[in-house]
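The values are calculated or read from the model by the stated rules, or taken from the named source; none is laboratory data. Owing to the predicted nature of the structure, the values given are computational and were not obtained by experimental measurement. Glycine also receives a Cβ, built like all others from the backbone with ideal geometry; neighbour counts cover every protein chain displayed. Accessible surface is based on the protein model in full, side chains and every heavy atom, while ligands, DNA and RNA are left aside. Shrake-Rupley method; radii C 1.70, N 1.55, O 1.52, S 1.80 Å.
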Amino acid sequence: MYRIGGGQTIVQTIDFFTPVVDDPRDFGRIAAANALSDIYAMRGRPILALAFVAFPTKVLPVEVLEEILRGGSETVTEAGAVIGGGHSIDHDIPLYGLSVTGVVEESKVTRNAGARPGDALVLTKPLGIGLTVCAGRADSAASGGVSGLLHKRKLPAGTLDEAVAVMCTLNRAAVEAMEGFEIHAATDVTGYGLLGHAHEMMEASGTTAEFSVSRVPLLSAARRLAAQGIAPEGSRVNVRNLRPRTETGAGVTDDDVLLLCDAQTSGGLLVALPEKEADAYAARCREAGAPAGAVVGRVAAKSKTLLRVVA
């Protein structure tokens, strides 16, 4: 974040990763939405992006690269920004992402610090992306050859499409919905899962978060996949790191903790604001097109643990 005078700041971020889905155009859209998310988490408006791409030109046809770039460009355009160029390299695996510049009035900047006791916590996208993508990869890997005939699909038809639609959705609606509300803190929920990013927020704010499992929105297959033990390694690492830092109430299961620790790609925003405003903000998020808008917890005075989960 950099002050440029007149009460204005620019915000800068970069993010890129390997494909999370087979369709190259969807991969480009998801990677772009994910990179733009850090700008939205600071309540910024994206204006300019530079694309970064690595691609195995000797292995995959150039048409795949074109589709990745087309998907990314479409999402940047949807955000109201432009791609001003970028950089590409020949590499053994595909990578794609963006460096994004945004602008925001300094008085409106949201950080992952500032949550206050008495605040409510609102989540703007459902959880379960990591589990769903993991199952989709298993189905995709088994789709060819004789072994594929014996593979029992882990995802019903359309379930992966649901996750892709959520990942491709910009967090723009959740930011535009903030107008008129007293936003104290915000962060995007990505690789460290809901509990991991909440822990960062609570540590920076000097507070404790309490989440109600029953109020957390989930993708349609997420709970069934958790019960089957299907999860990416990143989500399992999150559980190992965060379980000792989390107090769990009666009735909270291992599956519940896994879901709240699930590593998200292009996840939603976690927003702290006064409890009296939370339901109205969540409703406005949904009305504006956010995949979810749910009051999932509250902020309390700092206690021995920074995270509590109740059924």
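Scan the range 63-70 and tell me whether some residue there is of a type in the set (A, V, I, L, M, F, W, C), free of Cβ contacts under 8 Å to residues at least 12 places away in the same chain and either surrounded by fewer than 21 Cβ atoms within 10 Å (Cβ to Cβ) or at positive phi (or both). Can you show your working first?
Step one: of the range 63-70, the residues of a type in the set (A, V, I, L, M, F, W, C) are 64-65, 68-69.
With the extra rule that they be free of Cβ contacts under 8 Å to residues at least 12 places away in the same chain, the set shrinks to none.
No, because not a single residue in the range 63-70 is of a type in the set (A, V, I, L, M, F, W, C), free of Cβ contacts under 8 Å to residues at least 12 places away in the same chain and either surrounded by fewer than 21 Cβ atoms within 10 Å (Cβ to Cβ) or at positive phi (or both).
Any residue in the range 154-174 that is over 14 Å from Arg223 (Cβ atoms) and touching a residue at least 12 places away in the same chain (Cβ under 8 Å) sitting within a Cβ distance under 7 Å of a residue that is basic (Lys, Arg) and surrounded by 21 or more Cβ atoms within 10 Å (Cβ to Cβ)? List the pairs, counting only those 6 or more apart or interchain.
Val166/Lys125; Cys168/Arg29
Got a sec? Which of Ala250, Ala283, Ala278 is farther than 17 Å from Arg172 by Cα, over 17 Å from the mean Cα position of the chain (by Cα) and assigned to a helix (DSSP H, G or I)?
Ala278
Determine if the range 119-129 includes at least one residue that is over 21 Å from the mean Cα position of the chain (by Cα) and surrounded by 14 or more Cβ atoms within 10 Å (Cβ to Cβ). Quick ask: steps written out before the conclusion?
Restricting attention to the range 119-129, the residues satisfying the condition of being over 21 Å from the mean Cα position of the chain (by Cα) are 119.
Keeping just the survivors that are surrounded by 14 or more Cβ atoms within 10 Å (Cβ to Cβ) gives 119.
The answer is yes, given that some residue of the range 119-129 is over 21 Å from the mean Cα position of the chain (by Cα) and surrounded by 14 or more Cβ atoms within 10 Å (Cβ to Cβ).
Among what's in the range 297-311 and is open to solvent by 30 Å² or more (accessible area, probe 1.4 Å) and part of a strand (DSSP E or B), pick the residue that is farthest from Gly114 (Cα to Cα).
Checking each candidate, the answer is Val310.
Restricting the search to the range 237-272, which residues are closer than 20 Å to Ala163 by Cβ and surrounded by fewer than 17 Cβ atoms within 10 Å (Cβ to Cβ)?
Matches in the range 237-272: none.
Among the candidates Ala49, Ala31, single out the residue that is part of a helix (DSSP H, G or I), at pLDDT 95 or above, buried (at least 17 other Cβ atoms within 10 Å of the Cβ) and of a type outside the set (Phe, Trp, Tyr).
The unique qualifying residue is Ala31.
Conditions tested, residue by residue: (1) hydrophobic (A, V, I, L, M, F, W, C); (2) surrounded by fewer than 20 Cβ atoms within 10 Å (Cβ to Cβ); (3) in contact with a Pro (Cβ under 9 Å, 6 or more places away or on another chain); (4) under 24 Å from Met1 (Cβ atoms).
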position: Ile93; (1), (2), (3), (4): yes, yes, yes, no
position: Gly97; (1), (2), (3), (4): no, no, no, yes
position: Gly102; (1), (2), (3), (4): no, no, yes, yes
position: Thr110; (1), (2), (3), (4): no, no, no, yes
position: Gly114; (1), (2), (3), (4): no, yes, no, yes
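Give the range 206-236 a look and list any residue that's open to solvent by less than 30 Å² (accessible area, probe 1.4 Å) and either part of a helix (DSSP H, G or I) or closer than 14 Å to Ala135 by Cβ (or both), or say none.
Val213, Leu219, Ala221, Ala222, Leu225, Ala226, Ile230, Ala231, Ser235, listed by residue number.
Is there a residue being more than 18 Å from Lys125 (Cα to Cα) and among the acidic types (Asp, Glu) anywhere in the range 252-268? Steps first, please.
So the first thing to find is which residues in the range 252-268 are more than 18 Å from Lys125 (Cα to Cα), and the list is 252-255.
Now restrict to residues that are among the acidic types (Asp, Glu): 254-255.
For the range 252-268, residues more than 18 Å from Lys125 (Cα to Cα) and among the acidic types (Asp, Glu): present.
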